[in-house]
1. Search the structure for amide H atoms under 5 Å from the amide H of Y263, placed 1.01 Å from N in the peptide plane, and list their residues when 5 or more places away or on another chain.
2. Expressed in nm to one decimal, what extension gain is obtained for the pair T402 and A143 from 0.36 nm per residue of sequence separation less their Cα-Cα distance?
3. Give the order of H168, H46 when sorted by the count of other beta carbons within 10 angstrom, beginning with the fewest.
4. Between segment 118-139 and segment 194-268, what's the alpha-carbon centroid distance in Å?
5. Where the only charges are on Cβ atoms (+1 Lys, Arg; -1 Asp, Glu), what is the dipole of segment 39-358 about its Cα centre, to the nearest 20 debye?
6. Please give the net charge around A246, taking every other residue with its beta carbon less than 15 angstrom from that of A246, where Lys and Arg add +1 and Asp and Glu add -1.
7. Just grab the label-to-label distance for N340 and T70, each label 7 Å out from Cα along the Cβ direction, in nm (one decimal).
8. If each residue's Cβ is checked for other Cβ atoms within 10 Å, how do S217, S196 rank with the fewest at the top?
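Nothing in this text is a laboratory measurement; each read-out follows from the coordinates by a stated rule. The shown structure was predicted, so the numbers you read here are calculated from the model rather than taken from an experiment. Heads up, the Cβs are rebuilt from the backbone with ideal geometry, glycines too, and the neighbour counts pull from every protein chain shown.
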Amino acid sequence: MLKQRLLGLMAAALVALSCSATALAQTAQFETWINSGLNSPIGLTHAGDGSGRQFIIQQGGAVRVVRNDTLQTTPLLTVGTGFSCTYPGDASASVVGFTSGGEQGLLGLAFHPQFESNGRVFLSISDSAGDTMLVRFTMSDPAGDVMSAGDLQSCTVILRADQDFSNHNGGNIVFGPDGYLYFGLGDGGSAGDPCSRAQTLAPGTLVNTGSGCPADSSFSSNGGDPQSRALLGKMLRLDVNGTTAAGSGLLCGRPRIAHSAEYAIPAGQPGGDAGNISSACDEVWAYGLRNPWRFSFDVAGNMIIGDVGQNWIEEVDFEPANTGGRNYGWRCREGSSSLNSGTPYCNDPAVTETFIEPVLTYLHSGGACSVTGGFRYRGEVILTRGKYLFGDYCTGQVWTSTPGTTWTTGVNFGAAMGFGLTSFGEDEAGELYMLHGNTIYRLNGDRGLFYDGFE
Ligand SMILES: [Ca+2]
Ligand SMILES: [Ca+2]
């Protein structure tokens, strides 16, 4: 049996060299998993609790539960117009509201690494004003499939960021192997990053003039920190097990500017006092991102970011494990090409770091428009083990890429599926899912007898 499987793999590999996608589809393919009952699914993850459940976020606000491959009718919870959540230290104003549609809505979901015992669930949403909000729920029964009234009342606002425009909200939240919560934020929106958020580190140097760039008075008047605009175009890293006292540190995402925060800054933070970009808000891990819609970690702890391009080039960025403080180049670079130059944006003396070039790029040819970052596959399907799978939102094309000094991309899964490839997702066993329209596909194929890490 083992010999036969190895022969099959070798044959498939030889076919791969001759670039035949048809033969490869015999050993690794996406098969329909759920094709009814979902409404705009844009993310899939798991709770890491041994339950085998998958959790799907719908842009309109519902978190759906799949147990034993069956989509449950009742959501875990639903965020809606009257969404209520408590600000730390200021319980008087609690209705934060919700906006969905376009690039807004329920955009991220992450379960605490100790969810099974502490019941903590994190969501990123667009609030009633379209600004970004990270919130936390605590489930009294983490094994349950529906939050209780008490669970819903546990909602606490963790972080807020004032968005300049309605697009490029990022919103993905992922716990890294270090146990910290990573939060990808886009550049604030419009086109060309007109407020230069992605390259602005020190909040004191924020661009405050021009359409959309001044802080929103409504955001500031209800306690939000206008300095939170310096979080845009960044990857944040938060210790959600800690707290930060009022007035302490250069935090820019406090829900209430004068109050304590329900997160701390990890030691060694690039944006922290001793970091290589210390002038940045302390929450900052990396910068120069346009819209890191989906990013993930591989089993070695490397971060792989699908950063959505503008009119020309899509890019994937690779960050070796524990290597923060990097500048991924936007708005000075689109992909590996120069986009803007001149001060104050791209020749800013304060920006001394070298731009990190993407490991993968592709052009907007053949209808491609927006990269959907994926995962470095760690499941059982032999042909795709260790490969990075990603796709394009508009064409629905999926690619696999082999990481290395130079990343080699080519193997795909046959014809492009068309518009609507919103996300990939991973379950607890490392198996991979693709979300397209209202359908979710699961990667299947010839499986290995054991898993021994990347080959
Ligand atoms: Ca705003
Ligand atoms: Ca700082």
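1. Correct list: T244.
2. In short, 89.5 nm is gained.
3. Values: H168 27, H46 21.
The order, fewest Cβ neighbours first, is H46, H168.
4. Taking the Cα centre of segment 194-268 as reference, the centre of segment 118-139 is 16 Å away.
5. With Lys and Arg at +1 and Asp and Glu at -1, about 300 debye.
6. The answer is -2.
7. For N340 paired with T70, the spin-label model returns 5.3 nm.
8. Working: S217 9, S196 24.
The most exposed by this proxy come first: S217, S196.
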